Every structure is written in structure tokens, then in C-alpha cells.
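Inspection log for the structure reproduced underneath, given as C-alpha cells.
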Amino acid sequence: MDASRFDMVMNRRRFLRALGAGAALTGAGAILPSSLEAVTDPALAGRPLVRYPEKTDLILLTSRPPQLETPMHYFQHAITPNEAFYVRYHLSGVPTKVDLATWRLRVAGHVERPLELSMDDLQSKFPAARIVAVNQCSGNSRSRFEPRIFGGQWGDGAMGNAEWVGVRLRDILSAAGVKAGAVDVSFNGLDEPPTSSVPDFAKSLSVSTLMDHPDVLVAYQMNGAPLPMLNGFPARLVVPGWYATYWVKHLSEITVLDRAFDGFWVKTAYRIPATPCGCAEPGTKPTRTVPIHRMNVRSFIIVPENGARVAAGRGTILKGIAFDGGNGIAQVDISSDGGANWRRADLGGDLGPYSFREWSARWTPARPGHYRLMVRATNRFGESQPFEPLWSPAGYLRNVIERVEVTAA
């Protein structure tokens, strides 16, 4: 790909104004009205739509740092458009411009040959790899937890699915020559903490995990285009099947370590109870924790939306998505009577084990009245979803059977 395509056609002052004010970049610079979803979803009540550079109208969670949620109607299809892809940052020092003439990805530490790779190096010296994979924030759906949990109160739209193109991390590490005794590999990006007292956002994965996971990429392309700035331009880590906390944006440093990484965002943050379900009794503190890792099974009904009215006695098409941490979705079942009875839905095309899988089903409400529609996915390993929500002290891992309420008339 011609590197000139990566040049950011973006006014820096305009970008900073958007990040600082959280205002939509419309002609008047005003915040847009609340989304229609806020009317039917209490978790989104009072949250306006905003428009940031390279983005369409997204639901505002916070402006410093920018946290923008994707409206659920974008999930009617397996691939999430770049302009609608959610945005999540931990630090307020968000990069607004990257000069590819000077940007380098540095690979150092416990290696034989430290590297400084330009974008041209990534594209010309390594074979390109493609993968379709879901990126989901660890705290997606945190607003649904009871008792309420501190943290970003996401609805269900802190996720997205894209085709990623880049270099296999394993190929980069092989080129650098990982020395014997290597334990972990850490990753850092260009975003910066506001003060020295705030830990820099750096993550790590074990060498054994990376060598066993050939699908981990340093991605420079998203859905056939350069990464949007707010999704990690010019390159980001892609860890298919794992929660997005590991998908470091604006990647600039890869460091091979001969010891366990002890950074805050692994040692202290993004941890789950060391139990088979990663859950705990509501309101309790676990005695032992481990870093969050693979995603569990999830599914959603996208059409009809919660609170919709449908025609009694007439066929209605139900549509949605399902996904998991890389085993792949084997089946999706739906219920129209609150879970008393279930029947199989039709699966859409298979874009790979890490991707959203579209599903659909035709349903005819027999008579006027209120209906509770439910969806349940099962992966190829036999894992499914619980009927009642499990609780996590940090608001992670939600994968309860989701439901929507509709009225037939």
C-alpha cells in the first residue's frame, strides 16, 4: 500500500477542539440530539450523539479521554464500518497526528537484533496477514451490572468487528531474534499520561502465548483502509479472541523481557477472579485474581430493538450477531416466550472463528400482546451463555442471555 494513503488529512486544531469539548463536528459545532436508543435503553439515557474526526455519530461516554460507543443498529451486519467503530482511551494524552516519515516501531530488549521498523518496512519486508476479529472492551455492558460497579458505564456497543491486515507479531519477533530465557513481551503506544503520577498504558503477553498464537498482528489496515486515528493509527496490536485491553493503539514499542512484566495495567488493573467463571458473589472481593484474557460467548438481538411494535399474525425477521473468543459459533437459538422454549436460528456466512457471526430467524407472533425475545449462542467447544447474569467486581465478562421486549398488535 502506498504510504501516502496514511497521511492524515486532518486539522490539528479541529481535532483537539473535538477531544476537549466532546462536541460534534457539525457546521455549528453543536452536540447532536440523543440517540433513539437512549429512549428504549435506560443505560444510554442523557447521553448525546457526537461526531469526532473520521467518525460518524457515536454515543458519548466521556470526552477526556474520548470514549465513544457504537449505536447498536450498526451490528445488523458482521463488519462494523470504520467510522462507526467505538473508541476507548485510558489516558488523556491522545495523539492527534503521526508523521510516517519519522514514526518507527522499535523492537528491543531481550533480542539478538533490535529493530526500528518504518511503515514501509512493515509492508515490504514481511508477508501481509489478514484476519477478521472482534474487538470488545473488557467493560462492555458494565452499566448492566447489579450491584452497580465503578467504571465507564458502557451500554452494549463497546465492540466492533473488522478485517485487519498487518504483520504477524511472531514474524517480527523472529526477525529480531528472541533470546533464550525470554518470558514476556510488553507493548506501548503513543498515548501519554497527563502527569508522571499516572501509569503509562503498557500491556504484556507471555512469549509462550505469542508463539502459540500466530494470529496476533501488528495491524496497519482496517476494513481495507488505514486505521482511523482514534482506532490506533498508524499501527495497533490485534490479539484475536482476547479483550481489547491488549490491543494497544498507536503502537511504538515492543520490548522482550527476561522477567515477568509488572506494569500497573497488568499487575493491578484488568484482573478477574481466579475462578472458572471469572466471577464472584455480588458485592464481594475475590481473594485471588488473574489477568483478563479470552472473551466468552455472547449474542445479541439487533432487530427488532427493545420496545419495538410488530404485527400480530405476520412474519417478523429477527436478526443479530454472536461471537466468542476464537472457537467459533456452532449454533444460535431463539426463544419468544421468555426462555420456556427454544428453536434454532439460521447462521450467516462464516468469516472466521474470531468474527461476529450473523444469525436470523423468522418469527410470527400468534396473537396481540407482550413478548420477551431471547437469544443464546453456543460455540464449537460447547460453551454457551447463562440464563442469569454472573457478577464480576470490575464489571467484566458479561455474557448473560440477552433479551428484548416487544409488543405485537
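Before moving on, here are some points about what is shown:
- Summed over the stretch 187-246, residues that are over 24 Å from Thr80 (Cα atoms), part of a helix (DSSP H, G or I) and either at pLDDT 95 or above or of a type in the set (D, E, K, R) (or both) total 2.
- When Asp333 is tested against (1) among the charged types (D, E, K, R); (2) surrounded by 14 or more Cβ atoms within 10 Å (Cβ to Cβ); (3) not assigned by TED's automatic domain parsing to the domain that holds Phe387, only condition (3) is not met.
Yes/no matrix, rows are residues, columns are (1) outside any loop (DSSP other than H, G, I, E, B); (2) within 19 Å of the chain's Cα centre (by Cα); (3) within 18 Å of Ala235 (Cβ to Cβ); (4) of a type outside the set (Phe, Trp, Tyr):
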position	(1), (2), (3), (4)
Gly46	no, no, no, yes
Lys55	no, yes, no, yes
His73	yes, yes, no, yes
His90	no, yes, no, yes
Thr96	no, no, yes, yes
Trp103	no, no, yes, no
Arg106	yes, no, yes, yes
Arg113	no, no, no, yes
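- Against the test of being closer than 19 Å to Gly166 by Cβ, aliphatic (A, V, I, L, M) and touching a Leu at 6+ places or on another chain (Cβ under 6 Å), the options Leu68, Leu122, Leu105, Leu115 yield a single qualifying residue, Leu105.
- The conditions of being touching a helix residue (DSSP H, G or I) at 6+ places or on another chain (Cβ under 9 Å), at pLDDT 95 or above and closer than 15 Å to Trp247 by Cβ are not met by Val111.
- Condition met for Glu305 (assigned to a loop (DSSP other than H, G, I, E, B) and of a type in the set (D, E, K, R)): yes
- Residue within the stretch 251-266 that is buried (at least 18 other Cβ atoms within 10 Å of the Cβ) and closer than 27 Å to Ile321 by Cβ present: no
- Pro389 being assigned by TED's automatic domain parsing to the domain that holds Pro304 and over 22 Å from Met72 (Cβ atoms): no
- Just one of the listed residues (Pro393, Pro386, Pro353) is crowded, with 19+ Cβ neighbours inside 10 Å and either closer than 30 Å to Thr287 by Cα or in contact with an Asp or Glu (Cβ under 7 Å, 6 or more places away or on another chain) (or both), and it is Pro393.
- For the stretch 247-284, taking the residues that are touching a Leu at 6+ places or on another chain (Cβ under 9 Å) and of a type in the set (D, E, K, R), the one that is farthest from Pro228 (Cα to Cα) is identified as Glu253.
- Of everything listed in (1) under 25 Å from Asp215 (Cβ atoms); (2) in contact (Cβ under 8 Å) with a residue 24 or more places away in the chain; (3) outside any strand (DSSP E or B); (4) more than 20 Å from the chain's Cα centre (by Cα), the single unmet condition for Ser174 is (2).
- Lys249 in a loop (DSSP other than H, G, I, E, B), under 17 Å from Arg88 (Cα atoms), basic (Lys, Arg) and in contact with a helix residue (DSSP H, G or I) (Cβ under 8 Å, 6 or more places away or on another chain): yes
- Sole exception among (1) outside the structural domain of Pro240 (by TED's automatic domain parsing); (2) hydrophobic (A, V, I, L, M, F, W, C); (3) more than 23 Å from the chain's Cα centre (by Cα); (4) more than 18 Å from Phe356 (Cα to Cα) for Phe261, by number: (1)
- Residue identified as closer than 19 Å to Tyr74 by Cα, modelled with pLDDT of 95 or more and touching a strand residue (DSSP E or B) at 6+ places or on another chain (Cβ under 9 Å) among Arg309, Arg367, Arg298: Arg298
The values are calculated or read from the model by the stated rules, or taken from the named source; none is laboratory data. These figures come from a predicted structure and were not determined experimentally. Glycine gets a Cβ as well: all are built from the backbone with ideal geometry, and neighbour counts include every protein chain shown.
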